[in-house]
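The values are calculated or read from the model by the stated rules, or taken from the named source; none is laboratory data. From a predicted model like this one, the values you see are computed outputs, not experimental measurements. So basically every Cβ, Gly included, is an ideal-geometry build from the backbone, and we count neighbours across all protein chains shown.
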Amino acid sequence: MDAPLIEFKDVTKRFGSRIILDHINLKIYEGQVTTIIGLSGSGKSVLLKHIIGLLEPDEGTILFQGQPMLKMTKSERTAKHAQISYMFQDNALFDSMTVYENIALPLRETTNLGKTEIDSRVMARIEQTELKDAAHKYPSELSGGMQKRAALARALVTDPHIVLFDEPTSGQDPVRKNAILSMIAQYQRKFGFTAIMVSHEIPDVYFISNRILALYDRAIVFQGTPEELENFDHPFKDEVIRSLEGLQQELTGLYSKRQFKVMHHAQLTQRTRGETYSLVVFALDDLDVIMTGSSHETARKTIRSMGRYIDKHFGAIGGFSTRRHTNQFVTVLPYSDLAEAQNILNDFAHDFQERGLQDNFEGQERRKASGGCIELVIRAGIAQGQPFAEIEAVIDEAKSNQKEIARLRCDVRG
Amino acid sequence: MALDANSHNLPGSKPPWRISMLLTKPFACFGQSTISWVSNLGASAIFLMLAFLKILHPKQWGKIIQQIYYIGASSTMIILLVSLFTGMVLGLQSYTALVKFGAQGALGTLVALTLVRELGPVLTAIMIAARAGSAITAEIGIQRISEQIDALDTMRIDPLRYLISPRIAASIISFPILTAVFDIVGIIGGYISGVLLLGANAGTYVYRVQASMDMKDVTDGFIKSIVFAFIVSTVCCYQGYFAHMRTDSHGAKAVGLSTTSAVVISCVLILVSDYVVTSLLIRG
């Protein structure tokens, strides 16, 4: 792995006699989305403020591109911090300025750009964050969600190399939460900045994060990929992750990736050699595009509907499912052969096409939600696997067998 | 410290360590307050110096003009009102005192010198501290507790340059102008009460006003108003900027207490510095 962009070495921070961070060691790599998860009040925001230089450690060293921050000259440190943008948990918008003025402020005060250039950059961000109608309103006239988007627009307007997001989705409804996470992921891919995020949105953040850092009991107890977190055994997992995953299952009827793995292990490894199982991989095409546009509500509804319908059809015959990526679902049918799995899939496709999609998106609502007209294509593929074989190979085979099973067409009712 | 019941401490008597503590406590408190006061004074001086040096930044002019409007122009009405009645009451009291000695001809001298040398700069500064100074502290204090100042830091906008320098510059410009307005309207107020209401001679009043004042009186008054501008703007900005560092309260309450402290400290320092500056100017 490359050299870390930011590294904490034995960083300790105290407020009075209270220790907030205790010998923290962590690494953040360039071009990745790193998410810091932890309980409220565990010091996640304090950690972020050390990165941007709002706080300095009492002990330990923070290295920026291998150089200790404290040993840099003031101009060197200013140059490093100039690459970083910060989105505050409580937004920190200037309440005596309009949304437009708030977003334009860093450009007006720190650059020599002309009025026209500033205006075009600010308006671009305003449109991307769906704040056009609120551009000339004051923050106190906006909802919490709109304020959050204004803060996000301000953080991104200078095209920073590193963006720190302190709870970017707090106070948002589920639709907006997804839209903001998708927007962060999309911008991160588009502009290639390094995103460091503090969030409670488990497991949603797993889909957009390259690395997860777990802050627990004043220390970093885990750092690694979301997949590695699945195998992590620590009290943190019981206290934080499992409780949140339980809620997720209750809402969608799907298992978390970790629970899915446990189910897979429990149900299939007991089987005798030679027995097979079936596996279905579903995909929603172009979901990223839809979610980051103005139709995220439609996309969100589709995902929820998919979860419910998959559980309804496949859960009834002992199947168990998980959402593997933003737009991918995997279902294991432990007791079904390929023919039976295909029959159930056909039933599912028919039911989802007739009711799952159309009942959710009546013509008028589709137009309202999208501002135009959207198309969604759902594909599915089946494969057969041996209980002792790697599930990844079976998933890959199912993916290669995927074909269209349902479509939300523009011309159906619109 | 454990106390032995069989020692020389009789029931009901205070142990010696407590008596010594009682004796030293006032000195300790005094020392602690002095250290804190000197430390704050030093911090305020550095705060003022850093902010003052940033006044000439090219992006400041718009913000300075905006602050001149808030601190200066918006205070004009209250200054007009206070100065008119100050002049009138000064004319009234002076005339009734002077007439006993048959010296009512000196009314113009008394009103003009009192206003230009003392009351003009002092009352103008106190009125601005009460009106604009309190607003400055509250505004900056709220920006501090709602992390707006931290946000400026993260955007590489120097908060001292962006928030403090324009207010100091605007105060330095506004205080002398408002003091001049106070002096003129106050003299008119003295004319209204002394000449129009009590019957003093109009020509004598105007002549005495002109004859008794020389340029030094006017410049001394302006020097004072500039000193007060530095004091009021620094104290009010400093109290707001460090509202989050208060040890006696937090959040909105801290902003409220900082606002009160800003006005009280400003007024006290205006009167103390008035004496110091006056004595220096008289010697000069």
Candidates B:Ala138, B:Ala132, B:Ala169, B:Ala125, filtered to the one that is among the small types (Gly, Ala, Ser), touching a residue at least 24 places away in the same chain (Cβ under 8 Å) and within 14 Å of another protein chain (Cβ to nearest Cβ) = B:Ala138
Does B:Arg156 count as charged (D, E, K, R) and within 25 Å of A:Leu55 (Cβ to Cβ)?
-> yes
Out of curiosity, is B:Val209 at pLDDT 95 or above and among the β-branched types (Val, Ile, Thr)?
-> no
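Could you name every one of the strands (runs of 3 or more DSSP E) located completely within region A:1-115 that has at least 1 residues being within 14 Å of chain B (Cβ to nearest Cβ)?
Passing ranges, in order: A:6-15, A:84-87.
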Those residues of region A:173-229 which are within 27 Å of A:Gln83 (Cβ to Cβ) and small (Gly, Ala, Ser), in sequence order = A:Ala179, A:Ser182, A:Ala185, A:Gly192, A:Ala195, A:Ser199, A:Ser209, A:Ala214, A:Gly224
So which residues in region B:96-119 are of a type outside the set (A, V, I, L, M, F, W, C) and part of a helix (DSSP H, G or I)?
-> B:Thr96, B:Lys100, B:Gln104, B:Gly105, B:Gly108, B:Thr109, B:Thr114, B:Arg117, B:Glu118
Give just the number: which of (1) modelled with pLDDT of 95 or more; (2) surrounded by 24 or more Cβ atoms within 10 Å (Cβ to Cβ) does B:Leu123 not satisfy?
-> (2)
Would you mind stating whether B:Gln93 is of a type in the set (S, T, N, Q), farther than 23 Å from B:Met245 by Cβ, part of a helix (DSSP H, G or I) and at pLDDT below 90?
-> no
Unmet requirement for B:Leu196, which otherwise passes all of (1) under 27 Å from B:Ile71 (Cβ atoms); (2) surrounded by fewer than 19 Cβ atoms within 10 Å (Cβ to Cβ); (3) free of Cβ contacts under 8 Å to residues at least 40 places away in the same chain | (1)
A:Leu131: passes all of (1) away from every other protein chain (no Cβ under 14 Å); (2) over 27 Å from the mean Cα position of the chain (by Cα); (3) surrounded by 18 or more Cβ atoms within 10 Å (Cβ to Cβ) but (2)
When you look at B:Ser233, is it surrounded by fewer than 19 Cβ atoms within 10 Å (Cβ to Cβ) and in contact with a helix residue (DSSP H, G or I) (Cβ under 7 Å, 6 or more places away or on another chain), yes or no?
-> no
Which of the residues that make up region A:50-91 are more than 22 Å from A:Asn25 (Cβ to Cβ), among the charged types (D, E, K, R) and more than 29 Å from the chain's Cα centre (by Cα)?
-> A:Lys74, A:Glu76
Out of (1) at pLDDT 90 or above; (2) surrounded by 14 or more Cβ atoms within 10 Å (Cβ to Cβ); (3) part of a helix (DSSP H, G or I), the one B:Ile55 does not meet is (3)
